[in-house]
Amino acid sequence: MTVRIGWLYPDLMNIYGDRGNIMTLVQRCKWRGIPVQVDELALGARLPEGLIDIFFMGGGQDREQKIVCRDLLEVKGPALKREIDRGAAALVVCGGYQLFGKYYRPFEGEELTGIEVFDAYTVAGNKRCIGNVVATSALGGPSGTIVGFENHSGKTYLGDGCTPLAMVSVGFGNNSEDGTEGAIYRGAIGTYLHGSLLPKNPGVADFLIEKALARREEGVRLDPLDDALELKAHDSAVVRARKTH
Amino acid sequence: MRFATRTALLLGKTIGTASRAFKFGGGSTLPGRVARRLDPAFVSDMVKELPLGCVLITGTNGKTTTSALLASILDRAGMTPVHNRTGANLMAGIASALIREADSGGTLAGRLGLFEVDEAALPDAIAETAPRLVLVNNLFRDQLDRYGELDTLAAKMKKAIVTLDPSRTVALNADDPLVASIGSGLEQKVLYYGIDDQKYASDTMQHAADSKHCAACGGRLDYDYYLFGHLGRYRCPDCGASRPETDVAATHIEMLGMEGTRCTLRFPGGTCDLTIPVPGLYNVYNILAAMTASLALGVEPDEVLGAVEDFTAAFGRVERVQAGNRDIMMILAKNPAGFNEVIRTLTFAPGKKTVMLALNDNIADGRDVSWIWDVDFEMFRGRLADVVCSGVRAFDMALRIKYAGVGEMSLATEPDLAKALDAGLIAAGRAGTLYVVPTYTAMLDLRKTMVERGLVTPYWEDN
């Protein structure tokens, strides 16, 4: 059984090393002997129904985000939502996260309508939230924390239909106010921790792979991997984050 | 000279002297910062003392190399430049260079201001120096946490360039679509340079590529080929914008690995063959940039070529250092595009290499290290004998190498730079070469270590 990863708009939504997340999913499948395939889902392309196990979308600049928003509404959005309700996993970062909510309201110009996977909305903030992030999360592995880097001005607020991915102990998170970071709805994760979230947070990566496998077969358990280097990188990033804030 | 300017100059000079005497760091920005605080018009007043005016060099990659090369050309041509050669390229660095090169009466030791300028500081530098020539070499995503978006940055640059007197010149890299777009519709004289040889081109974009959309209409660009990141031959199918014809170009290129690059250059009125003693396609662009600028300033082609031939790499960009019976070759890599080019060069020559990768995340490096996932470390597959990862973010780098699947070599991780350097030298073996690829502040720290061991001289020993 092959795990199929659908990379949404790889040429438009890939700022700050987002592809590190794809590499991590691919390698962690390969190291376990699980066949894996990456399908690029570009503008205009329709989703192959029932075939993609993990969707990924990164962040983009404003112009790209507008182009992608149109394609999501007109082409892929309804199918994406349906797949996630049927148990597909997803990781969406920054701009991708915002478009998976209800809407993004900029200071000026048109509101961008999202596809409502997450019960969440985003408004433009007047301060850019930049820096290292440490946040406690059930997906945080042995330390119970996830670590990453955020760089966003949008402020996202969650409703009752989803839960936060984590609670921030260093950094700003969703909106700098309520301490939440990211969102989870079923197998879908949205987050402001851009770029390479998964390499240093193998627990999050394995959550997605597990969801993907569970779609096909019940009771699948992932073989453990030697994560010594991953955890060292995680821990030293946590120490660094506390120092640089 | 105004009284305020004179006072600011004297104070700046005193601070510069003190900082050199007490060795608190070379004084490449502090004197200028203080002088500008005291007299906000300090730079615009001082540059009036330069009979040949000012030249500004900007772009993400190659500013320091290009301006160092241009400085040695101008020197040879008798147009002695006042140059911020330590790479301090914000307004304070420019002001400091003016202070260092002025006597206490305000007379400058040079006739032309040659300033390397940070991309984001270009509008201020244009306003304060009214340059006769502005050169933009390339625009890559470098540290977006500082600059915001590239399109916005380019738009700000253009807005400042438009304000220049129409008699001024703008030199642009034709192969970079975003940079070339700055030239469209300008009243000023525009010169384009680029590479007209596709021998080292590929038909897929390196991952670090940035500018994929037409700056004029937003359409997706069609590329005939790519040379270096998003640089290449392109056109927009929607509005018809395309890579401009070049005034100065490399028409034939042969890469000789670490030994350098051989190329044929075409310029108005002639062609010539040249061997560039430093490796990498990016250095061909730097040579073309310096050539275009110096020809625009009226330097004779023969003088340009003589100076280029004598040129050795600017501080810190590629450095060869002897350490006992081993060689260290240090090459700065501060962003994905530059790093890819370094890897391409290292893997071009045959043989497995011993490599030390040093990743810091200080402000000058960029706090965010996600960019290493945009570097194509996969090019190292099967080409490494040993690799040592070091710096503040040593474990992030080691993880990146692990996921790149580069093969069965030993992967050592040692955050301490001096210790990592020792480990790398041991791994390189007798008569071997250790290739060190650091980010900016890691490079500064490594130089300090090497100075302490008597291997190199400090770059601020200038006067």
State which residue is surrounded by the most Cβ atoms within 10 Å (Cβ to Cβ) when the search covers only segment B:362-390 and only residues that are within 11 Å of another protein chain (Cβ to nearest Cβ) and farther than 18 Å from A:T24 by Cα. B:C389
For residues that are open to solvent by 40 Å² or more (accessible area, probe 1.4 Å) and more than 12 Å from every other protein chain (Cβ to nearest Cβ), scanning just segment B:391-413, find the one that is farthest from the chain's Cα centre (by Cα). B:E408
Which helices (runs of 4 or more DSSP H) does segment A:1-93 wholly contain that include 3 or more residues that are more than 23 Å from B:S370 (Cα to Cα) and either away from chain B (no Cβ under 14 Å) or open to solvent by less than 10 Å² (accessible area, probe 1.4 Å) (or both)? A:77-85
What is the residue count in segment B:47-94 for residues that are in a loop (DSSP other than H, G, I, E, B) and within 20 Å of the chain's Cα centre (by Cα)? 11
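Against the definition (touching a Gly at 6+ places or on another chain (Cβ under 6 Å), closer than 12 Å to A:M13 by Cβ and of a type outside the set (D, E, K, R)), how does A:Q61 come out, yes or no? Working first, answer last.
Values: touching a Gly at 6+ places or on another chain (Cβ under 6 Å): no; closer than 12 Å to A:M13 by Cβ: yes; of a type outside the set (D, E, K, R): yes.
Answer is no for this residue.
Specify which of the listed residues (B:I363, B:I343, B:I328) is aliphatic (A, V, I, L, M) and in a helix (DSSP H, G or I). Full working, then the answer.
Values: B:I363 fails: in a helix (DSSP H, G or I); B:I328 fails: in a helix (DSSP H, G or I).
Checking each option against the conditions leaves just B:I343.
Residue by residue, here is whether (1) more than 15 Å from the chain's Cα centre (by Cα); (2) among the basic types (K, R); (3) at pLDDT below 85 holds:
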| position | (1), (2), (3) |
| --- | --- |
| B:S294 | yes, no, no |
| B:E309 | yes, no, yes |
| B:T312 | no, no, yes |
| B:F315 | no, no, yes |
| B:A333 | no, no, no |
| B:I343 | yes, no, no |
| B:N362 | yes, no, no |
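Quick one: which of A:G140, A:G171 is under 14 Å from A:A241 (Cβ atoms), within 14 Å of chain B (Cβ to nearest Cβ), in contact with a strand residue (DSSP E or B) (Cβ under 9 Å, 6 or more places away or on another chain) and not hydrophobic (A, V, I, L, M, F, W, C)?
Values: A:G140 fails: within 14 Å of chain B (Cβ to nearest Cβ).
It is A:G171.
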Qualifying residue in segment B:120-131 (condition: assigned to a strand (DSSP E or B), crowded, with 23+ Cβ neighbours inside 10 Å and assigned by TED's automatic domain parsing to the domain that holds B:A249): no
Here is a check on your reading of the model: is A:S169 touching a helix residue (DSSP H, G or I) at 6+ places or on another chain (Cβ under 9 Å), under 17 Å from A:N21 (Cβ atoms) and open to solvent by 10 Å² or more (accessible area, probe 1.4 Å)? no
Selection within segment A:185-212 - more than 14 Å from every other protein chain (Cβ to nearest Cβ) and either open to solvent by 10 Å² or more (accessible area, probe 1.4 Å) or of a type in the set (K, R) (or both): A:Y185, A:R186, A:G203, A:D206, A:F207, A:E210, A:K211
So B:S370 clears everything in (1) closer than 25 Å to A:K243 by Cβ; (2) in contact (Cβ under 8 Å) with a residue 12 or more places away in the chain; (3) small (G, A, S) except one condition, right? Which one? (2)
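Please verify whether segment A:205-214 includes one or more residues that are acidic (D, E), in contact with a strand residue (DSSP E or B) (Cβ under 9 Å, 6 or more places away or on another chain), assigned to a helix (DSSP H, G or I) and closer than 23 Å to A:G161 by Cα.
Among the residues of segment A:205-214, at least one is acidic (D, E), in contact with a strand residue (DSSP E or B) (Cβ under 9 Å, 6 or more places away or on another chain), assigned to a helix (DSSP H, G or I) and closer than 23 Å to A:G161 by Cα, which makes the answer yes.
The values are calculated or read from the model by the stated rules, or taken from the named source; none is laboratory data. Just so we're clear, the structure is a prediction, and the values are computed from it rather than from any experiment. Backbone-built Cβ (ideal geometry, glycine too); neighbour counts: all protein chains shown. Heads up: the accessible areas ignore ligands, DNA and RNA and are worked out on the full protein's heavy atoms, side chains in. Shrake-Rupley method; radii C 1.70, N 1.55, O 1.52, S 1.80 Å.
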